[in-house]
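The structure under discussion is supplied below as structure tokens; questions concerning it will follow.
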């Protein structure tokens, strides 16, 4: 069983297990190991690209984005995206991957060579659909429903403290917490110091030092 962590203060969090930051007014910096692969997931329109563009500033980090969600249904685009993933996972540098999360293949590819961490932007349907319309790229209802079903299954597992296979941690953000997140950092970059209070720990588990 995996500990579910709830953090509501600013500072630094080195994620492990399931970390729920939804509702946090002042979320912490998320600090990862230097060679971690961080997958930012959520339904189309959740705000993944906005979060990555604002929170990831490490010049060493490679950021991979397949572009529009529908493009990955094209075999040539999908093949190029997976080839880029395979090359990037071998490089000794931080890796951030934009992923809609409808299929687990991206996480599985990365987990074979890297410690893989997941950040999920949990957006309400009306928020995500409004963002799609706002950028002029609404998805067909059946396509959005498929993404929503996959994300719903992941969130239900997270509520039980369960991580996806091959994933070292899962951080849950809602859109306000994602907008307030001060940064995503990797070892070797300066981050604030200090310890965080922890609560709602499972009675049979404690936070490791």
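Quick one: if you stick a label point 7 Å off each Cα along the C-beta vector at residue 126 and residue 108, how many nm between them?
For residue 126 paired with residue 108, the spin-label model returns 3.7 nm.
Indicate the gyration tensor shape class of the stretch 15-186 (rounded, prolate or oblate), computed on the Cα atoms with a ≥ b ≥ c the square roots of the eigenvalues: a/c under 1.5 is rounded; otherwise a/b larger than b/c is prolate and the rest oblate. Before the final figure, lay out the partial values.
On the way: a/c = 1.38, a/b = 1.07, b/c = 1.28.
Judged from the Cα gyration tensor, the stretch 15-186 comes out rounded (a/c under 1.5).
Throughout, read-outs are computed from the coordinates displayed, never taken from laboratory work. Given the structure is predicted, the values throughout are model-derived calculations rather than measurements. Because the Cβ atoms are built from the backbone with ideal geometry, glycine has one as well, and the counts that use them run over all protein chains shown.
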